[in-house]
1. Where in the range 168-250 are there GluC sites (Glu not before Pro) that are in a DSSP coil and have at most 16 other Cβ atoms within 10 angstrom of their Cβ?
2. Please order Thr60, Thr183, Thr303 by the number of other Cβ within 10 Å, starting at the fewest.
3. When the helices in the chain are scored as -39500 (n - 2.57) per DSSP H run of 4 or longer and the sum is shared across all residues, what 222 nm value do you end up with, to the nearest 500 deg cm²/dmol?
4. Suppose R0 equals 25 Å; then what is the FRET efficiency for Leu174 and Glu122 from their Cβ-Cβ distance, rounded to the nearest 0.05?
5. Just want to confirm a number: the relative contact order over the chain, from Cα pairs under 8 angstrom separated by 6+ residues, in percent.
6. Can you give the extra length, in nm with one decimal, that the chain gains between Arg62 and Glu165 once fully stretched, where that is 0.36 nm per residue apart less the Cα-Cα distance?
7. Among Asp253, Asp190, rank each residue by its count of other Cβ atoms within 10 Å, from fewest to most, as a rough exposure measure.
8. Enumerate by residue number the trypsin sites (Lys or Arg not before Pro) in the range 1-50 meeting two conditions: DSSP loop (anything except H, G, I, E, B), and at most 16 other Cβ atoms within 10 Å of the site's Cβ.
Amino acid sequence: MAAEGARETRLAVALLAWYDRHARDLPWRVGPAARAGGERPDPYRVWLSEVMLQQTTVATVRGRYAAFLARWPRVEALAAAPDADIMAAWAGLGYYARARNLIACARAVARDHAGRFPDSEEGLRGLPGIGAYTAAAIAAIAFDRPATVVDGNVERVMARLHAVEAPLPEAKPLLTGLAARLTPMARSGDYAQAVMDLGATICTPRAPACGLCPWRADCAARRAGIAETLPRRSEKAAKPVRRGIAWLALRHDGAVLVETRAPSGLLGGMLALPSGPWAEGAPEGDPPLAAEWRDLGVEVRHTFTHFHLRLTLAGARVAAGPGDFRPAAEAGPAMPTLMRKALRLGLAAMDAGGDAG
């Protein structure tokens with residue numbers, strides 16, 4: 001047992017030494033040198049980055065994070081912002097429940113915690129939208145708590161280091177336990193970021209750079225020649241296909257009819273073209289206003305976490321009508337990716353068809 005503890009300490013020390021030399025320069029990160037010099041991360045920035053990074057790449061988040069921070073530099077500013085402004089700023093980042101949780105969490109911190117994030121995993125878990133991973137990440141990175149942070153990168157590193165051949169998601173508890181044993185009491189925030197960096201830059205899903213890894217001598221999967229095959233994954237069931245219809249009402253001045261979707265559900269709270277229900281079977285639903293609607297011959301395809309969507313478009317040119325009409329150039333950027341694509345393709349089809357749509 002003592003020997004195993006000594007090994008885990010040695011591995012943590014080796015990884016931190018690697019991180020001190022090779023840490024990624026990220027806009028939301030306080031690097032190891034700055035941290036050693038006394039600089040501490042801003043919990044608001046850590047939280048914002050962690051929420052934005054869920055299900056999204058670092059490359060996608062970099063610019064959007066900077067824009068969010070410039071517009072709302074403190075949690076109180078974000079908490080005071082109108083929902084519609086935040087949802088529009090989030091457009092294109094996907095997984096829109098995150099944006100709704102972002103709003104709720106910012107307001108809870110401002111209202112119930114005087115603008116200060118709790119400094120423990122338990123306290124953080126009490127905030128809207130903060131689950132086990134995000135609570136551990138904020139506790140470790142912002143407050144240096146010895147919390148075990150496990151994302152996809154960490155799961156991959158642990159599976160390879162210990163040659164865990166049980167497939168995900170069944171292996172998650174085992175991999176989390178292995179990660180916890182390695183988490184040091186000191187420099188916990190740097191360690192959490194180090195192991196994620198290791199997975200993102202060295203222990204990559206394909207062609208891992210094992211020769212550059214600080215844990216290569218201890219990696220059981222490398223010794224067995226199976227590193228690139230891990231972690232294994234259970235076979236996923238095929239996603240069902242749902243179908244729907246969206247209506248593009250184009251006014252003579254170039255404005256289009258839009259709606260704000262219901263707060264809950266997919267794309268909740270986002271600006272969108274009016275659309276019917278999404279369900280398996282033939283698309284159905286009633287148009288939002290009386291007009292000469294025509295099938296535009298366009299099918300917009302989009303994949304959500306649990307299903308594929310096939311959205312057909314109907315278009316009509318209208319002189320006027322009830323509802324929220326906005327210039328297409330203004331509405332498009334505020335829409336989620338699916339609706340932005342539907343708007344672009346629909347407008348192109350209507351332009352190609354003239355007044356016939």
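Readers should treat all values here as calculations from the given coordinates under stated rules, not as data from a laboratory. These numbers were taken from a predicted model, which means no experiment stands behind them. Ideal geometry is used to build each Cβ from the backbone, glycine not excepted, and the neighbour counts take in all protein chains shown.
1. Details: sites: Glu170, Glu228, Glu235; in loops: Glu170, Glu235.
Counting only loop positions with at most 16 other Cβ atoms within 10 Å, the GluC sites (Glu not before Pro) in the range 168-250 are Glu170, Glu235.
2. Sorted ascending by nearby Cβ count, the order is Thr303, Thr60, Thr183.
3. Using -39500 (n - 2.57) per qualifying helix, the result is -13500 deg cm²/dmol.
4. 0.60
5. Rounded, it is 15 percent for the chain.
6. 33.7 nm
7. In order of increasing Cβ crowding within 10 Å: Asp253, Asp190.
8. Filter output for the range 1-50: Arg24.
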